[in-house]
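Okay, so here's the structure we're looking at.
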Amino acid sequence: MKSVAFALACLLFACRCHAIKVPGGDVIPHILHKLAPGDESHWPKAWNICLKSWKRAYPDWEVKMWNDEEIENLVKTHYPQHFAWFKALPHQIERVDAARSFVLHKHGGLYADMDVYAYKKLQLPQTGQVVILGSHNGRDEIVQNSLMASPPNHAFWDATFLQMKTFLEKYPQPWTKAIWTTGFADYVVEGTGPNMLKHTMQERHLEQMVSILPPEEYMGGDSCTPKTCFSRHIGTGCWAPGVACSDSRSDLNDEVELNKAKLLLLQGFK
């Protein structure tokens, strides 16, 4: 009961403190965040196509591109109490995962993976909650960290910091034994990825802080169209070992090819 009461208190605190409106009456700042290497020669072709789709859907929003150095500086400068465990994460993709929580806590706004394509402007709830994409993947996922939005300074992200730190302390060495796909992928998914968000919500009783977007409309599938979906996760999969981003989905040269393509989520470790 105490944990539930604490969660409700946090929710009320978050809603009260983050109800500052931006133009248009929104509580989510008009900032689109993207994480990618600074050298665009390492980008899959699909990334540029997807990025153009977001700029078209949000022509009046600020677009902030974050590279690894900028993320490290953000954590070191504004979250020094978390910098040690952040740097100690065994894989770079885990730091990229964790960066999403830090960016949205500090600035608020909308985050989308580089391989998420926008058909049109999303319908984001302006309730003071964190908005997270639902998931129909395997691995016991109920949410995805590929598409998220938030007011700044939301208490949910503070809880994710603690969740990631606790997992790293419990499992400092990456897993070698697979639970669902491979030890590497499962360790990342549990420690900093989609299931970290799930565990934060469920184990800390913070479900009321989160509004979940339906995956059928926002994660998409092979039958997705501009009429049926707001966005689609293409799935370049180049965070997996042995999959070079520069080669991933190299067959996709334009939006027509991209929208005809089959999804390749989990490419590289199926």
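The values are calculated or read from the model by the stated rules, or taken from the named source; none is laboratory data. This one's a predicted model, so the numbers in the text were calculated from it and none came from an experiment. Backbone-built Cβ (ideal geometry, glycine too); neighbour counts: all protein chains shown. Just so you know, the surface numbers come from the protein's heavy atoms only, side chains and all, with ligands and any DNA or RNA stripped out. Shrake-Rupley method; radii C 1.70, N 1.55, O 1.52, S 1.80 Å.
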As an exercise: evaluate SER135 against (1) modelled with pLDDT of 95 or more; (2) crowded, with 21+ Cβ neighbours inside 10 Å and give the number of the one condition it does not meet.
(1)
Just need a number here: residues in the range 189-220 that are open to solvent by 20 Å² or more (accessible area, probe 1.4 Å), in a loop (DSSP other than H, G, I, E, B) and out of contact with any strand residue (DSSP E or B) (no Cβ under 7 Å at 6 or more places or on another chain).
2
When you check ASN145 against the structure, is it touching a Gly at 6+ places or on another chain (Cβ under 8 Å) and part of a strand (DSSP E or B), yes or no?
yes
What is the number of the single condition among (1) in contact (Cβ under 8 Å) with a residue 12 or more places away in the chain; (2) more than 18 Å from PRO29 (Cβ to Cβ); (3) more than 15 Å from the chain's Cα centre (by Cα); (4) assigned to a helix (DSSP H, G or I) that GLN81 does not meet?
(1)
SER41 vs. criteria part of a helix (DSSP H, G or I), open to solvent by 70 Å² or more (accessible area, probe 1.4 Å), of a type in the set (S, T, N, Q) and at pLDDT below 95:
yes
Go through the range 105-141 and give me each residue that's in contact with a helix residue (DSSP H, G or I) (Cβ under 8 Å, 6 or more places away or on another chain), free of Cβ contacts under 8 Å to residues at least 60 places away in the same chain and part of a loop (DSSP other than H, G, I, E, B).
ARG139, ASP140, GLU141
Condition check: part of a helix (DSSP H, G or I), out of contact with any Ser or Thr (no Cβ under 8 Å at 6 or more places or on another chain) and open to solvent by less than 40 Å² (accessible area, probe 1.4 Å). Does ASP186 satisfy that?
yes
Just checking, does the range 110-124 include any residue being surrounded by fewer than 19 Cβ atoms within 10 Å (Cβ to Cβ) and at positive phi?
no
Breaking point among (1) hydrophobic (A, V, I, L, M, F, W, C); (2) modelled with pLDDT under 95; (3) farther than 21 Å from PRO174 by Cβ, for ILE93
(3)
Just to be sure I understand, how many residues within the range 224-257 are modelled with pLDDT of 85 or more, out of contact with any strand residue (DSSP E or B) (no Cβ under 8 Å at 6 or more places or on another chain) and among the polar types (S, T, N, Q)?
1
Is there a residue being of a type outside the set (Gly, Ala, Ser), over 26 Å from PRO215 (Cβ atoms), open to solvent by less than 40 Å² (accessible area, probe 1.4 Å) and assigned to a loop (DSSP other than H, G, I, E, B) anywhere in the range 64-77?
no
Residue under question is ALA84, and the condition is that it be among the small types (Gly, Ala, Ser) and either within 19 Å of SER150 (Cβ to Cβ) or open to solvent by less than 60 Å² (accessible area, probe 1.4 Å) (or both); does it hold?
no
Quick one: which of ILE93, ILE28 is on the phi < 0 side of the Ramachandran plot and in a loop (DSSP other than H, G, I, E, B)?
ILE28
